[in-house]
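First comes the structure, then the notes that go with it.
The values are calculated or read from the model by the stated rules, or taken from the named source; none is laboratory data. Quantities reported herein were computed from a predicted structural model and do not represent experimental measurements. Neighbour counts run over all protein chains shown; Cβ positions are idealised from the backbone, glycine included. All accessible areas refer to the heavy atoms of the entire protein, side chains included, with ligands and DNA or RNA removed. Shrake-Rupley method; radii C 1.70, N 1.55, O 1.52, S 1.80 Å.
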Amino acid sequence: MTGTRAALRYAKAILDVSNAKGNAEVVSQDMKTISAAISQSKELKLFLENPIIKGNAKLAALNEIFASANADTKNLFSVLLQNKRLDILEAIAAQYATLYDELKGIKVAYVTTATPLTPELEAQVLAKIKEITNKETTIVNEVNKDIIGGFIIRLGDMQFNASIANKLSKLKREFNN
């Protein structure tokens, strides 16, 4: 994502402000909503990135779209308008979610599969990860048909690759040696 260093700084700032006021969880929900809305709406993303559209129009649209957002979240919109950084709002929301999870001691496990996880399988994977880490964990399922089957789990700097593509690659290396 473009502007990730700047996004990280803004995310840290809004987390500090909202945490000091005791509403970091509410802002976290706002950030999840913002991130989902921008990632799911190509029009909104293009609207925020468009340099021709005036900042005040963007601010008015954001305040209208996210009318139920917390005051701290709306203040972030104003700060981003002043600094001409509304285009990195999605990156800020994603960084905030990561920082908030770290603050609460929640680990995020990225599970890559060839098909989407079923709720039952997701519950089993989550239980196994909690058993290994002894920490609160959430799962982000990434679908990648290139792994053919199996799964890849990334948790922090650890990775466990049990994909069919990885096994085929190892087998190919063995035959070539």
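A few comments on the model shown:
- Residue count, the range 150-165 (criterion: of a type outside the set (A, V, I, L, M, F, W, C), farther than 15 Å from Val125 by Cβ and touching a strand residue (DSSP E or B) at 6+ places or on another chain (Cβ under 9 Å)): 1
- Only residues that are surrounded by fewer than 16 Cβ atoms within 10 Å (Cβ to Cβ) and touching an Asp or Glu at 6+ places or on another chain (Cβ under 7 Å) were counted in the range 69-106, giving 2.
- Every pair of residues 6+ apart whose Cβ atoms lie under 6 Å, when the first sits in the range 48-76 and is of a type in the set (Val, Ile, Thr) while the second is in a helix (DSSP H, G or I) and surrounded by 15 or more Cβ atoms within 10 Å (Cβ to Cβ): Thr73/Val27; Thr73/Asp30
- The lone exception for Ala11 - which of (1) surrounded by fewer than 19 Cβ atoms within 10 Å (Cβ to Cβ); (2) closer than 22 Å to Ile106 by Cβ it fails: (1)
- Residue tally, condition assigned to a loop (DSSP other than H, G, I, E, B) and surrounded by fewer than 16 Cβ atoms within 10 Å (Cβ to Cβ), over the range 113-130: 3
- Members of the range 60-77 found to be touching a helix residue (DSSP H, G or I) at 6+ places or on another chain (Cβ under 7 Å), part of a helix (DSSP H, G or I) and closer than 20 Å to Lys12 by Cβ, listed by number: Asp72, Thr73, Lys74, Leu76, Phe77
- Residues that are on the phi > 0 side of the Ramachandran plot, open to solvent by 60 Å² or more (accessible area, probe 1.4 Å) and modelled with pLDDT of 90 or more do not occur anywhere in the range 131-145.
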